[in-house]
Amino acid sequence: MKKKLTVDVWSDIVCPWCAVGKRRLEAALAQFSHRDDVEVVWRAFELDPSAPAIHSDDNATRLARKYGRTKAQIEAMTRQLTETAAKDGLEFHLERARSGNTFDGHRVLHLAATRGVQDAVKERFFRGYMTEGEAIGDREVLVRLASEAGLDAEEVRAVLASDRYANEVREEEETARAIGITGVPFFVLGGKFAVSGAQPAEVLRGALDQAWASLPATDDATREGATCGPDGCA
């Protein structure tokens, strides 16, 4: 059996640095010789679990109030973040962002994982929120974006009308609390190496190398000797 490295990434779909972190992880993986043996799994983290489905005020006003800053200060920070994201190939229009509760979005991402399109749906949610000004807490918006990324619209709608994957989302959030995650993105490689924040691609590449080197030897490295089996000894 070949080596397989799992990279678990806790993030939220309304987190700009999480989108940057995703792009930097992709850049690191593109330079990693074992890319085909790496599985990236997106884990749930809500920056504001108490948020309404859709916030009524604009992001700059809301964030200024939340963090005790002026609206001008928030807008300046947003411009700086937008410039940083552009260097990683991302187009942000955060002045359009329509924030809201992301619990349903994380449930849809669980569905996407079972259908093999989790990364595509995650990317579509990021672009919808960061670039296009989509109301990410609106269920019909989630249905449309997820279907554009490869999910069946009626299946997504059925999931959102139920409580499917709610427990899975809560369990991932509980795991985040248990291991001390207070900010995202947060990467755990091979279950033992952690990287906090949207670190440069070269840092993530170094973590990939370290995690890969720590994996147990493959079966190819096993030396065979005499054995006994159901049909006798040889």
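Read the figures in this text as sums done on the coordinates, not as results from a lab. Since the structure is predicted, the reported quantities are computational estimates derived from the model, not experimental observations. So basically every Cβ, Gly included, is an ideal-geometry build from the backbone, and we count neighbours across all protein chains shown.
Scan segment 62-76 and tell me whether some residue there is crowded, with 17+ Cβ neighbours inside 10 Å, within 22 Å of R23 (Cβ to Cβ) and either out of contact with any Lys or Arg (no Cβ under 9 Å at 6 or more places or on another chain) or hydroxyl-bearing (S, T, Y) (or both). Checked against the condition, which is being crowded, with 17+ Cβ neighbours inside 10 Å, within 22 Å of R23 (Cβ to Cβ) and either out of contact with any Lys or Arg (no Cβ under 9 Å at 6 or more places or on another chain) or hydroxyl-bearing (S, T, Y) (or both), segment 62-76 yields no hits at all.
Filtered by the rule that a residue be under 15 Å from S11 (Cβ atoms) and touching a residue at least 40 places away in the same chain (Cβ under 8 Å), segment 108-126 gives V108, L109, H110, A113, Q118, D119, K122, E123, F125, F126. Only one of the numbered conditions (1) in contact with a Phe, Trp or Tyr (Cβ under 7 Å, 6 or more places away or on another chain); (2) surrounded by 22 or more Cβ atoms within 10 Å (Cβ to Cβ) is not met by T131, and that is (2).
In the set R24, R69, only one residue is assigned to a helix (DSSP H, G or I), touching a helix residue (DSSP H, G or I) at 6+ places or on another chain (Cβ under 9 Å), over 19 Å from A176 (Cβ atoms) and of a type in the set (K, R); that residue is R24. In contact with a Pro (Cβ under 8 Å, 6 or more places away or on another chain) and either surrounded by 18 or more Cβ atoms within 10 Å (Cβ to Cβ) or not in a helix (DSSP H, G or I) (or both): is that true of G100 in this structure? Judged against the criteria, G100 is a match. Entry remark, segment 27-54: residues being buried (at least 17 other Cβ atoms within 10 Å of the Cβ) and either in a strand (DSSP E or B) or free of Cβ contacts under 8 Å to residues at least 60 places away in the same chain (or both) number 5 in total. Being in contact (Cβ under 8 Å) with a residue 60 or more places away in the chain, crowded, with 20+ Cβ neighbours inside 10 Å and within 15 Å of the chain's Cα centre (by Cα) holds for only one residue in G105, G137, and it is G105. If you go through segment 72-112 and keep only what is of a type in the set (G, A, S), out of contact with any helix residue (DSSP H, G or I) (no Cβ under 9 Å at 6 or more places or on another chain) and over 22 Å from D48 (Cα atoms), you end up with A76, A86.
Taken as a whole, the structure leaves W10 outside the set of residues that are assigned to a helix (DSSP H, G or I) and not aliphatic (A, V, I, L, M).
Just one of (1) surrounded by fewer than 14 Cβ atoms within 10 Å (Cβ to Cβ); (2) touching a residue at least 24 places away in the same chain (Cβ under 8 Å); (3) acidic (D, E) fails for E154. It is (2).
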